[in-house]
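Read through the structure below, which is laid out as structure tokens, and then see the notes.
The values are calculated or read from the model by the stated rules, or taken from the named source; none is laboratory data. All figures in this text were calculated on a predicted structure; none of them were measured in a lab. Note that each Cβ is placed from the backbone with ideal geometry, even for glycine, and that neighbours are counted across all protein chains shown.
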Amino acid sequence: MREESTSQPFILCDGELLPADSRVLLVSDGAVAFGAGVFETIAAYHGKLFAFDAHLNRLRGGMDCFGISLSLPDNLEQQARNLLDQNQLSEASPARMRITVTAGSKTDPSHWIMEATSAPSHTATAGLITGPFVRNEQSPLSGFKTINYGDNVIAMQRARAAGMTEALFSNTQGNICEGTWSNSFFYHEGKWKTPPVSSGCLPGVTRATVLDLAKGINLEIEEANLPLTRIDEIESAFLTSTMRGVQPVKAIDNYDLSVTRSEIFALAKAYLELAVG
């Protein structure tokens, strides 16, 4: 499910500034017909796009996966900053930037579309549910942000119906994988752990940043599999994503995790300082 944000007056489509309600895709575009497309969400702090290159590299990897040969402009980051300015978001901290690339069709080329909106709101802590859906770690789309988000939409609907804010997926091996829109970290058996990329989780840009920051404060985080059946053994947890940063978890299903370890606050502080600059 797409994270909620406010409407914006303008978008960019292949570099052209258009009203946000413009119709820019044909029904024959692979993005519409087959869900063939990729996207990235980037946070902007006072006009500074955080980790832009890392997001762009993953976007290009997803394009290669779909065989999308579209050449993105060299000045894409500058165009993003210009769109923030056009939508009066240059001073927002944060604002949300989304870049989507579509597969196109035989009669219409691929497109890149850029949106700039105010940031979606996140609660101070997250409540998670687990469910029957699994991530396929062997999928060729594993590791990319594609617009095939049907599983996420349904899982998030279930989470909200349960009064929670996020849903947690396991993979086909029964190990914890990721949230619908987040990477996960757990304190288990005296160690901080996060699912490895081989679990099928997204190699999140925020996840990678947090792993680097942890080294800087002498905090060891182990990439390790944890069976979903052992979730009641988790003592503390947090989520990471572009727009939530580092978010403590208060509960998973019926398990209370209201005691937040101090390491989470240290990582959240370090991340914000790095992102804001």
Selected residue (criterion: farthest from residue 276 (Cα to Cα)) from residues of the stretch 10-41 that are exposed (fewer than 15 other Cβ atoms within 10 Å of the Cβ) and of a type in the set (Ser, Thr, Tyr) = 28
Flag for residue 127 being small (Gly, Ala, Ser), farther than 27 Å from residue 59 by Cβ, surrounded by 15 or more Cβ atoms within 10 Å (Cβ to Cβ) and modelled with pLDDT under 95 | no
Per the filter on the stretch 238-263, residues hydrophobic (A, V, I, L, M, F, W, C) and surrounded by 21 or more Cβ atoms within 10 Å (Cβ to Cβ) are 238, 239, 246, 249, 252, 257
Quick one: is residue 44 assigned to a strand (DSSP E or B) and surrounded by 17 or more Cβ atoms within 10 Å (Cβ to Cβ)?
-> yes
Among the residues listed as 267, 274, the single one being in contact (Cβ under 8 Å) with a residue 40 or more places away in the chain, farther than 16 Å from residue 190 by Cβ and either crowded, with 19+ Cβ neighbours inside 10 Å or hydroxyl-bearing (Ser, Thr, Tyr) (or both) = 267
Selection from the stretch 177-199 of residues of a type in the set (D, E, K, R), without any contact (Cβ under 8 Å) to a residue 40 or more places away in the chain and buried (at least 17 other Cβ atoms within 10 Å of the Cβ) yields 193
All positions within the stretch 155-209 that are of a type in the set (D, E, K, R) and more than 18 Å from residue 245 (Cβ to Cβ) | 158, 160, 189, 191, 193
Restricting the stretch 260-277 to residues that are of a type outside the set (Val, Ile, Thr) and assigned to a loop (DSSP other than H, G, I, E, B), the residue that is farthest from residue 242 (Cα to Cα) | 261
Checking residue 151 against (1) buried (at least 20 other Cβ atoms within 10 Å of the Cβ); (2) touching a strand residue (DSSP E or B) at 6+ places or on another chain (Cβ under 6 Å), the condition it does not meet | (1)
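Taking into account only those residues within the stretch 136-187 that are in a loop (DSSP other than H, G, I, E, B) and of a type in the set (D, E, K, R), which is farthest from residue 122 (Cα to Cα)?
Filtering the stretch 136-187 for residues that are in a loop (DSSP other than H, G, I, E, B) and of a type in the set (D, E, K, R), the one farthest from residue 122 (Cα to Cα) comes out as 137.
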Of all residues in the stretch 88-103, which are in a loop (DSSP other than H, G, I, E, B) and closer than 15 Å to residue 48 by Cα?
-> 88, 89, 90, 91, 92, 93, 94
Strands (runs of 3 or more DSSP E) fully within the stretch 215-258 counting 3 or more residues that are touching a Gly at 6+ places or on another chain (Cβ under 7 Å) | 236-241
Of 85, 21, 53, which residue is farther than 30 Å from residue 140 by Cβ and either touching a residue at least 24 places away in the same chain (Cβ under 8 Å) or assigned to a helix (DSSP H, G or I) (or both)?
-> 85
